[in-house]
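The values are calculated or read from the model by the stated rules, or taken from the named source; none is laboratory data. Model, not experiment: these values are computed from the prediction. Methodologically, a virtual Cβ is constructed for each residue, glycine included, from the backbone with ideal geometry; neighbour enumeration extends over all protein chains shown. Side chains included, ligands, DNA and RNA excluded: accessible areas come from the protein's heavy atoms. Shrake-Rupley method; radii C 1.70, N 1.55, O 1.52, S 1.80 Å.
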Amino acid sequence: MFIETCIAPVNIALIKYWGKRDEDLILPINDSLSMTLSTDEMCAKTTAAASDKFDKNTMWLNGEEVPFEENPRVMRCVRELKRLASLKKDPKFPIEWNLRICSKNNFPTAAGLASSAAGYACLVYTLACLYGVEDEELTSIARQGSGSACRSLYGGFVQWIMGTHDDGTDSIAVPIAPESHWPNMHVLILVVNDSKKKTASTKGMQRSVMTSDLIKHRAANCVPKRISEITDAIQTKDFNKFAEITMKDSNQFHAIALDTFPPCIYMNDVSHAISDFVHALNEAAGATKVAYTFDAGPNACLYLLKEDVPQVFRAIQSSFPSDSQGDEYLKGLPIKEEADSLLKNSTPYGENLLKYVIHTKVGTGPKMLSKEDSLIGSDGLPL
Ligand code: DP6
């Protein structure tokens with residue numbers, strides 16, 4: 001049995017990917033740009049094994065067996081990696097051997113936190129390690145699992161170039177700055193209490209492309225300018241500019257969601273309260289200290305610099321008071337307690353509106369782990 005285990009990070013888009021020009025190859029209608037989050041706090045972990053003893057392909061996700069050969073996105077990734085492996089002069093093992101894949105997220109999938117991006121990036125990276133293939137084409141393979149997954153193959157700040165070729169060969173992710181470039185870029189994820197089922201991204205963006213006029217304007221006129229401006233802001237570490245572009249792009253993405261017919265509603269009242277809170281806090285501070293961005297769900301991802309984390313967290317605690325305390329409420333990196341709130345005399349938006357907060361920061365790309373970290377035992381079964 002040949003076996004490898006890897007982890008891959010979550011990424012959160014600053015300039016959103018929304019809309020495809022090819023549904024099968026997953027080719028987008030605009031470039032997007034994201035920041036990779038540290039794998040210490042959140043990651044997907046995958047073990048892939050191949051053996052002549054496996055009578056079929058099997059996959060487990062978070063402890064449960066899930067469809068493998070019936071899942072076209074998984075199959076496309078596997079097929080592409082087998083194609084690369086078959087080009088090698090000395091393959092490690094026959095490519096027709098069946099696979100067993102076991103994958104886990106160390107964060108709640110239900111929290112709606114970009115789990116498919118980390119998951120598909122991890123699947124592709126782990127299979128590449130298993131087959132021993134080089135990584136030039138990996139982002140364009142991960143893209144075919146889930147669009148945003150291509151950006152999780154690098155650390156730091158990453159751009160997904162939409163490309164123009166019909167076969168998608170130039171639709172790839174490229175790193176624009178490593179995590180070491182802006183190491184004090186931190187993130188607070190505010191997980192909102194919400195149980196409503198949302199329209200999945202794949203469906204939602206399909207409907208936006210079919211019905212929204214605003215989406216065309218954004219792709220043609222707004223995104224190219226924003227990509228170049230935010231790249232500058234990242235390169236010069238201009239937080240003010242970085243924050244403004246990030247918030248405007250998130251707002252425009254949700255405007256498109258509303259311009260879709262029937263509309264996709266992702267932000268809820270708590271999300272809007274968080275956006276209001278961030279603007280009030282920035283105004284009180286007399287400088288842009290925090291930026292928000294929201295994906296296809298109500299949770300907020302706040303970007304801020306490390307030195308501002310304690311004061312901003314204090315302000316969150318007083319504006320969004322919660323009965324849960326300690327590590328029930330704050331997960332991830334610890335935060336110094338003694339700070340003053342950055343927002344004095346604020347009226348709380350309500351009790352228990354947030355489930356919990358995750359504190360993390362910019363991080364690196366996928367990593368290969370040792371045999372001890374395997375999710376599959378020597379008997380070929382999940383541990
Ligand atoms: C709002 O990558 O999940 O998070 O390609 O259909 O799998 P598919 O969609 P997906 O969409 C992500 C949308 C987003 C914005 C972003 O991450 O850029």
**OP:** Kindly list the number of the only condition in (1) crowded, with 22+ Cβ neighbours inside 10 Å; (2) in a loop (DSSP other than H, G, I, E, B); (3) assigned by TED's automatic domain parsing to the domain that holds THR246 that fails for GLN144.
**Re:** (3)
Subject >> Residues located in the range 240-269, provided they are buried (at least 21 other Cβ atoms within 10 Å of the Cβ) and in contact with an Asp or Glu (Cβ under 7 Å, 6 or more places away or on another chain) >> reply: ILE245
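Among the residues of the range 183-220, what is the count of those that are more than 15 Å from the ligand (Cβ to nearest atom) and touching a Phe, Trp or Tyr at 6+ places or on another chain (Cβ under 8 Å)?
6
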Subject >> Filter pass, LYS89 being outside any helix (DSSP H, G or I), away from the ligand (no atom under 16 Å from the Cβ) and either out of contact with any strand residue (DSSP E or B) (no Cβ under 8 Å at 6 or more places or on another chain) or among the basic types (Lys, Arg) (or both) >> reply: yes
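With the condition being within 16 Å of the ligand (Cβ to nearest atom), surrounded by fewer than 24 Cβ atoms within 10 Å (Cβ to Cβ) and modelled with pLDDT of 95 or more, I'd like the strands (runs of 3 or more DSSP E) fully within the range 1-56 carrying at least 2 qualifying residues. Give the steps one after another, and end with the answer.
Values: elements: 2-9, 11-15, 20-22, 32-36, 43-51.
Once the strands (runs of 3 or more DSSP E) in the range 1-56 are filtered for at least 2 residues that are within 16 Å of the ligand (Cβ to nearest atom), surrounded by fewer than 24 Cβ atoms within 10 Å (Cβ to Cβ) and modelled with pLDDT of 95 or more, what remains is 20-22.
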**OP:** Among the residues of the range 124-155, count how many are within 16 Å of the ligand (Cβ to nearest atom), under 26 Å from THR236 (Cα atoms) and of a type in the set (Gly, Ala, Ser).
**Re:** 2
Subject >> LEU84 in contact with an Asp or Glu (Cβ under 7 Å, 6 or more places away or on another chain), on the phi < 0 side of the Ramachandran plot, modelled with pLDDT under 95 and open to solvent by less than 60 Å² (accessible area, probe 1.4 Å) >> reply: yes
Original post:
How about the range 316-346: which of its residues are assigned to a loop (DSSP other than H, G, I, E, B), open to solvent by 50 Å² or more (accessible area, probe 1.4 Å) and touching a residue at least 12 places away in the same chain (Cβ under 8 Å)?
Top reply: ASP323, PRO334, LYS336, GLU337, GLU338, ASP340, LYS344
